[in-house]
Amino acid sequence: MKSDTAVPVKDAPKTDPRLKLIAARIKKENYKPDALIEILHTAQGAYGYLPIEVLTYIAKALHLPPSRVFSTVTFYHFFSLKSKGEHTCIVCTGTACYVKGAQAILNKLEQQFALKPGQVTKDNKLGVQVARCIGACGLAPAVVIDNDVQGKVNVEEIIQSINEKTGIL
Ligand code: FES
């Protein structure tokens, strides 16, 4: 049953579509603490890992002590608290982004940096990950470079943006 004091979706931070996606999932699950694992899967699917501030948001929304959320994350090996690499490029491979060219983006990243999803460069500067959907389908294809969500991008723009942030090329 929904709690009267649950964090409403409208109070989710507005700038990051991934947080809206998580907020919508929490609402769909009726703010039930029992749905914690499913919600964590949604969050990791969107971010590629579980940032601390996102875990704090989930704990608050479900009225769970943060310690319970953290212990769940550390118990299951498929959850990760860290992004791979100093900088991260997350390519959304959800349906809308796939149709609009996500695979071509992944191919270019592999060709340019010799990186497949889940890998990092030898100097640990850049990691590439995939997400199932980051909640910005209207902007497909979407990528997130560090915390910067970029939509309707082409491969050249992504390479340029990565280079601006990392100086890798
Ligand atoms: S499928 Fe890429 S943002 Fe939804």
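The values are calculated or read from the model by the stated rules, or taken from the named source; none is laboratory data. All values reported here derive from a predicted model rather than from experimental measurement. Here Cβ is always computed from backbone atoms with ideal geometry, including for glycine, and neighbour counts include all displayed protein chains.
Could you run through the range 132-149 and say how many residues are at negative phi and more than 14 Å from the ligand (Cβ to nearest atom)?
3
Using the structure shown, decide if LEU106 is free of Cβ contacts under 8 Å to residues at least 40 places away in the same chain, within 16 Å of the ligand (Cβ to nearest atom) and under 13 Å from ILE158 (Cβ atoms).
In short, yes.
Quick grid of which residues meet (1) surrounded by fewer than 17 Cβ atoms within 10 Å (Cβ to Cβ); (2) modelled with pLDDT of 95 or more; (3) away from the ligand (no atom under 16 Å from the Cβ); (4) over 28 Å from LEU169 (Cα atoms):
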| position | (1), (2), (3), (4) |
| --- | --- |
| TYR47 | no, no, no, no |
| LEU62 | no, yes, yes, yes |
| PRO65 | yes, yes, yes, yes |
| TYR98 | yes, yes, no, no |
| ALA102 | no, yes, no, no |
| ASN124 | yes, no, yes, no |
| VAL130 | no, no, no, no |
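Is it true that some residue in the range 76-88 is at pLDDT 90 or above, within 14 Å of ALA46 (Cβ to Cβ) and in contact with a strand residue (DSSP E or B) (Cβ under 9 Å, 6 or more places away or on another chain)?
Yes, the range 76-88 has at least one match.
Looking only at helices (runs of 4 or more DSSP H) that fall completely inside the range 51-169, which ones have 1 or more residues that are among the acidic types (Asp, Glu) and either in contact with a helix residue (DSSP H, G or I) (Cβ under 6 Å, 6 or more places away or on another chain) or more than 23 Å from LEU19 (Cα to Cα) (or both)?
Working: elements: 52-62, 66-75, 95-99, 102-113, 155-166.
Ranges flagged: 102-113, 155-166.
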